[in-house]
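In what follows, a single structure is set out as structure tokens and then discussed.
The values are calculated or read from the model by the stated rules, or taken from the named source; none is laboratory data. What you are looking at is a predicted structure, and each value in this text was computed from that prediction instead of being measured. So basically every Cβ, Gly included, is an ideal-geometry build from the backbone, and we count neighbours across all protein chains shown.
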Amino acid sequence: MWISSCSGTDRQELTRIARSPANAALFSATEEEFLPAGDDDLSKIYSLIKHHRGIDFTHYKQTTLKRRIQRRMLVRNVSTLKEYLRVLKTLPAEMGPSMMTC
């Protein structure tokens, strides 16, 4: 299970989020509904992470990247890519290893 690779704090938070009835709509949303293709903010997120961490996402599976971003958005309690982009800009630590594992 993907939660097992997270730090203790993130694991607890993800478990709490997953059990919350308020988040049922987010978990049932399709990837396209939650993170639309061609979204400019998604491109900005990829660019920001590439600049900060030196990771080029060109050959990564887009579904995997979007799923990881979706999880981090849930942990940070933001509902749009624009909001998450603001989180990344104000909290560079968010682009650390937890982004790629949780």
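The rows are residues; the columns are (1) surrounded by 10 or more Cβ atoms within 10 Å (Cβ to Cβ); (2) of a type in the set (Asp, Glu); (3) at pLDDT below 85; (4) closer than 17 Å to residue 93 by Cα.
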site	(1), (2), (3), (4)
36	yes, no, yes, no
41	yes, yes, no, no
46	yes, no, no, yes
51	yes, no, no, yes
54	no, no, no, yes
61	no, no, no, no
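For residue 80, work out the one condition from (1) under 11 Å from the mean Cα position of the chain (by Cα); (2) surrounded by 15 or more Cβ atoms within 10 Å (Cβ to Cβ); (3) at pLDDT 85 or above it doesn't fulfil.
(2)
Let me spell it out: the conditions are (1) crowded, with 18+ Cβ neighbours inside 10 Å; (2) modelled with pLDDT of 90 or more, and residue 71 meets all of them except one. Which number is the exception?
(2)
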